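Structure record follows, encoded as structure tokens.
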Amino acid sequence: MLITVPDVLAGEEVAQARKLLDEAEWTDGRVTAGHQSAKTKDNLQIPEGHPAAKELGGMIVQALGKNPLFLAAALPLKVFPPLFNKYTGGQSFGTHVDNAIRQVPGSGARIRTDLSATLFFTGPDEYDGGELCVEDTYGVHRVKLPPGHMVLYPSTSLHHVTPVTRGARICSFFWLQSMIRNDGRRSLMFDLDLAIQRLGRDLPDNEVAEKTAVQLTGVYHNLLREWAEM
Ligand code: NI
């Protein structure tokens, strides 16, 4: 399941982030690439652990913790500290799959990458190209979002970023370990969650709807109990 999470960051947060990102130090993005993807990766990154990356990463993780759509869709267990990349002057990233396991820098902790996230800082009008293309069984999804919006997609997917032929594309990217590793099961939980919310919203003060919502909420939590890994 590929899902767009709008307005993860508010306008003023994006503006503050852009200022920090403009002043930050950018280095060759191949430092975090695996052996194979290093051959097709051509972009810039802020070094891991750089003060700007830490500050902005903290802002993103805090915002995600308060975002109901993100929490319902991802059922996050661990979030990798966000990284930041920039594509400019024809830079691109060829087709690859993200590494399954990532070591959290500066700690012995490892996370399994169930979901990949890209949060946009530059708007679609600021650059040409730079589409994130995610392949799944339904075809290729091309993603280019307004600043502050984020896309979540299964880390099992092949994906690439098309060349940026004008301007610069600046994004944050990171990975999550979900309580539910299987994308199909996680999608079912999300659908059930949405259906329960819709009952409450569309049929307020309806006794049958209330009883049904309670029963389905029981099903939701009992499935989570079955499937969740902690
Ligand atoms: Ni990737």
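Bear in mind these aren't lab numbers, they're just calculated from the coordinates by the rules spelled out. Predicted, not measured: the structure shown is a model, and the values here were computed from it. Methodologically, a virtual Cβ is constructed for each residue, glycine included, from the backbone with ideal geometry; neighbour enumeration extends over all protein chains shown.
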- Query: Count the lysine pairs in the chain that are 8 or more places apart or on different chains: how many have C-alpha atoms under 17 angstrom apart?
  - Reply: 7
- Task: May I ask you to derive the FRET efficiency for ASP128 and THR4 from their Cβ-Cβ distance with R0 = 25 Å, giving the value to the nearest 0.05?
- Result: 0.75
- Can you give the helix-only mean residue ellipticity at 222 nm for the chain, where every DSSP H stretch with n ≥ 4 adds -39500 (n - 2.57) and the sum goes over all residues, rounded to the nearest 500 deg cm²/dmol? -11000 deg cm²/dmol
- Message: If I take the Cα coordinates of the stretch 183-227 and project them onto the principal axes, what are the three extents in Å, biggest first?
- Response: 33, 16, 8
- For ASP136, distant residues with modelled amide H under 5 Å away: HIS141
- Based only on the alpha carbon positions, what is the Kirkwood hydrodynamic radius of the stretch 19-104, in angstrom? 14.5
- Cα centroid distance between the stretch 5-83 and the stretch 119-142, in Å? 16
- Item | Folded to 0 to 90 degrees: helix 207-227 orientation relative to the chain principal axis, Cα | 50
- Can you tell which of ASP98, ASP202, ASP114 shows the greatest fluctuation in a Gaussian network model of the chain with Cα springs below 10 Å? ASP202
- Rounded to the nearest whole number, the per residue volume of the convex hull around the C-alpha atoms of the stretch 92-159 in Å³ is 112
- 0 to 90° range, to nearest 10: angle between helix 11-23 axis and the chain longest Cα axis: 30
- Task: Could you tell me which of GLN45, ALA33, LEU20 has its Cα farthest along the dipole of the chain towards the positive end, charges placed at Cβ (Lys, Arg +1; Asp, Glu -1), taken about the Cα centre?
- Result: ALA33
- Task: Rank HIS160, HIS35, HIS149 by mean-square fluctuation in a GNM of the chain with C-alpha springs under 10 angstrom and give only the top-ranked residue.
- Result: HIS35
- Taking the Cβ of ASP128 as the center, what net charge do the other residues with Cβ under 13 Å away carry, scoring Lys and Arg +1 and Asp and Glu -1? 0
- Note on the structure: Here the net charge surrounding MET150, from other residues whose Cβ is less than 13 Å away from its Cβ (Lys, Arg +1; Asp, Glu -1), is -1
- Message: Just to check, using Stokes-Einstein with a Kirkwood Rh over alpha carbon pairs, what's the diffusion coefficient of the chain at 10 °C and 1.306 mPa s in µm²/s?
- Response: 85
- Task: Taking only Cα atoms and a 10 Å spring cutoff, compute GNM fluctuations for the chain and point out the largest among THR212, THR113, THR156.
- Result: THR212
- Message: Using only the alpha-carbon atoms, how far is helix 51-65 inclined from the longest principal axis of the chain? Give it as 0 to 90 degrees, nearest 10.
- Response: 20
